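Enquirer: Structure in C-alpha cells, see below.
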Amino acid sequence: MQEAKRSGGAPAAGEGAGAGAGAADGADAGTEKPRRRQARGERRIAQLLDAAANVFCTTGYTAASTNSIAREAGVSPGTLYQFFPNKEAIAVELGDQLLRRWRETYGQAFLPAHLNLPLDELLDAVLDPLIEFNQANPAFAVLIQGSEIPGHETLRHEKLHGGLMERTEEILAGYLPDAPPADITRTANTIFAVFKAGLGLILTHEGAERDAYTKELKTVLHRYLSPLVGEAGC
C-alpha cells in the first residue's frame, strides 16, 4: 500500500529536475533560433546594401531598380522585398550607414589638435581621411552629393555641408582673427569648391595617378592658403 502510494504520488526529485532541465533546454533553444534568424537577416541586409551601393555607383540612383539590386546581390526580388519595400527605403538605409561613417571620419579630420600643425601637415590631417572615405565609399557621392538623390537625402546633405562649412570657418577664424566674417565665408567656400573639383579628379583615377592628383590638390590648397594663414599652426 505504501509502495503504491509512492508510485502514484509526486515525481521523484530526479524526475522533476530532468523535466525542468528539458524545459530550460527548450527555452534556450527557442531563444537561440531567433538570434540565428536575426543574424542571418542582418547578413542579408548587409548583402543587399552592398549590392545597392554597386548598382547606384554603376547606373546612378534614378536608373537603378530593385530588380537590378536583387540581381547584383544574387537573390530573388521576393527576398529583397522581405527586407525593403522599395528602392528609396534601400537608399535611406544605405545613406544612414554612410552618414554614420562620414561623421566618424569628419571627427577624425577636424580634431582640435590639428590646429597646432604647420599648414602642410594640417592639410594632410584634414584631407587624407576625407579622401580615403570617398575612395572606400563611392556610393556616398551618389546618395549624399549627387543630383538624383531623394529629397530627404538632399536636406541631410545640406545639413552636412553646413556643418563642414561651419567647422572650416572656425578653423580659418583661428588663423585669421581679424578677418571680417564675409572674408572667412568666402575663403571657406573657395576651399570647398577646390576640394570638390580635386576630389572628382582623384576618384576618377587609380594607383600612381590617383596619388599624383591627391598631391596636386594639396599643392593648390597650400598655395592658396599659405599667403593667408602662414606656415605655422595657431
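Residue-wise test of (1) among the basic types (Lys, Arg); (2) within 9 Å of the chain's Cα centre (by Cα).
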site: Ala70; (1), (2): no, no
site: Leu80; (1), (2): no, no
site: Phe83; (1), (2): no, no
site: Ala91; (1), (2): no, no
site: Leu94; (1), (2): no, yes
site: Arg101; (1), (2): yes, yes
site: Tyr106; (1), (2): no, no
site: Ala109; (1), (2): no, no
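Enquirer: Please tell me if Glu93 is out of contact with any strand residue (DSSP E or B) (no Cβ under 9 Å at 6 or more places or on another chain) and either closer than 30 Å to Thr168 by Cα or open to solvent by less than 60 Å² (accessible area, probe 1.4 Å) (or both).
Expert: Considered against the rule, which asks whether it is out of contact with any strand residue (DSSP E or B) (no Cβ under 9 Å at 6 or more places or on another chain) and either closer than 30 Å to Thr168 by Cα or open to solvent by less than 60 Å² (accessible area, probe 1.4 Å) (or both), Glu93 comes out as yes.
Enquirer: When you scan the range 36-51, do you find a residue that is in contact (Cβ under 8 Å) with a residue 24 or more places away in the chain and open to solvent by 70 Å² or more (accessible area, probe 1.4 Å), even just one?
Expert: Yes, the conditions are met somewhere in the range 36-51.
Enquirer: Just to be sure before I move on: is Ile144 among the hydrophobic types (A, V, I, L, M, F, W, C), open to solvent by less than 30 Å² (accessible area, probe 1.4 Å), in a loop (DSSP other than H, G, I, E, B) and modelled with pLDDT under 90 in the structure I sent?
Expert: In short, no.
Enquirer: Among what's in the range 211-234 and is open to solvent by less than 60 Å² (accessible area, probe 1.4 Å) and free of Cβ contacts under 8 Å to residues at least 12 places away in the same chain, pick the residue that is farthest from Pro138 (Cα to Cα).
Expert: Thr219
The values are calculated or read from the model by the stated rules, or taken from the named source; none is laboratory data. Everything quoted here is computed from the prediction, not taken from an experiment. Positions of Cβ are generated from backbone atoms using ideal geometry, with glycine treated the same way; all protein chains shown enter the neighbour counts. Note: accessible area is taken over every heavy atom of the protein model, side chains too, but ligands, DNA and RNA are not part of it. Shrake-Rupley method; radii C 1.70, N 1.55, O 1.52, S 1.80 Å.
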